[in-house]
Every structure is written in C-alpha cells, then in structure tokens.
Amino acid sequence: MRRICERCKELYCSEAEELETLGEDDALLRGQTLMRGRGCLACKQTGYSGRTALFEVLELTRTIRRMVLDGHNEDTIKKQAIDDGFLTLRKAGIRKILDGVTSISEVRSATLGDSD
C-alpha cells in the first residue's frame, strides 16, 4: 500500500461516508483523528510517498493444527484464529491507519476480499 507523504501529512476528521466504505470495521475508526497527505511537490500532489507492506500471519497453534488435520473448512478455522487473537488483513490495515502510515482508501483497496 502507499504511505502517506511525511512532508505534507496533516490531521483530519474523517466523514461518516468515508468510514462506511470499511463496512463493520468503521467503528474502530469512528471519532478518531486520522492522517492524510495534502499533496506537495515531494509527492507530486498525490499525498503519498513510498510503500508499506500489509501482512496477515496465521500462527499454527495446536488448536488450528488439529482443525486443519480434521478437515474443518476455511471459515471455521478463520473464526477460531480470530477468537485466538489473529489479526486479519483488514485489522492490520486499520492499525496502520491509526498509526498515521496510510489512508482508509488504501486499506480498502488492499483488503477488498477481507470483510472480517
């Protein structure tokens, strides 16, 4: 995902419509002051400069390993992993939004298939 430009980074309060694009995860950002790039010569008026990686790492715990070996479906395994503290790609992206690294639109486009 693109990183917000450090040279023109500014605080802003997001609109409800912008947050709604994240689906049920919008509650995690509601009322938060977020960052965005205003646009400058350094970023060629895009508000972004550089990239950052977004990771989703599933720890193979004893419970998860047993579920895989027993042939449980993907949704059941994912639900158990989330209950065990697994961070989905979307949640990892939201952390980066809250840390001021990237924007809602970047996370949304990078995690279109991840609604959990």
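The values are calculated or read from the model by the stated rules, or taken from the named source; none is laboratory data. Please read these numbers as outputs of a predicted model, since none were measured by experiment. FYI the Cβ positions are ideal-geometry reconstructions off the backbone, even for glycines, and counts take in every protein chain you see.
A few notes on this one:
- Cβ-Cβ under 7 Å pairs, at least 6 apart or on other chains, the stretch 4-23 side without any contact (Cβ under 8 Å) to a residue 40 or more places away in the chain, far side part of a strand (DSSP E or B) and of a type in the set (S, T, N, Q): Leu11/Thr33; Cys13/Thr33
- Considering the stretch 12-43, and only residues there that are of a type outside the set (Lys, Arg) and either in contact with a Ser or Thr (Cβ under 6 Å, 6 or more places away or on another chain) or assigned to a strand (DSSP E or B) (or both), the residue that is surrounded by the fewest Cβ atoms within 10 Å (Cβ to Cβ) turns out to be Cys13.
- Counted residues, the stretch 49-83 - those being touching a Leu at 6+ places or on another chain (Cβ under 9 Å), surrounded by 13 or more Cβ atoms within 10 Å (Cβ to Cβ) and either over 23 Å from Lys9 (Cβ atoms) or free of Cβ contacts under 8 Å to residues at least 40 places away in the same chain (or both): 5
- Filter result for Thr46 (polar (S, T, N, Q), within 30 Å of Cys5 (Cα to Cα), more than 18 Å from the chain's Cα centre (by Cα) and surrounded by fewer than 18 Cβ atoms within 10 Å (Cβ to Cβ)): yes
- Residue check for Phe86: under 21 Å from the mean Cα position of the chain (by Cα) and surrounded by 10 or more Cβ atoms within 10 Å (Cβ to Cβ): yes
Listed here are the residues, each with its yes/no results for (1) modelled with pLDDT under 95; (2) over 15 Å from Arg108 (Cα atoms); (3) of a type in the set (S, T, N, Q); (4) in contact with a Gly (Cβ under 9 Å, 6 or more places away or on another chain).
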| residue | (1), (2), (3), (4) |
| --- | --- |
| Arg3 | no, no, no, yes |
| Glu6 | no, yes, no, yes |
| Gly23 | yes, no, no, no |
| Arg66 | no, yes, no, no |
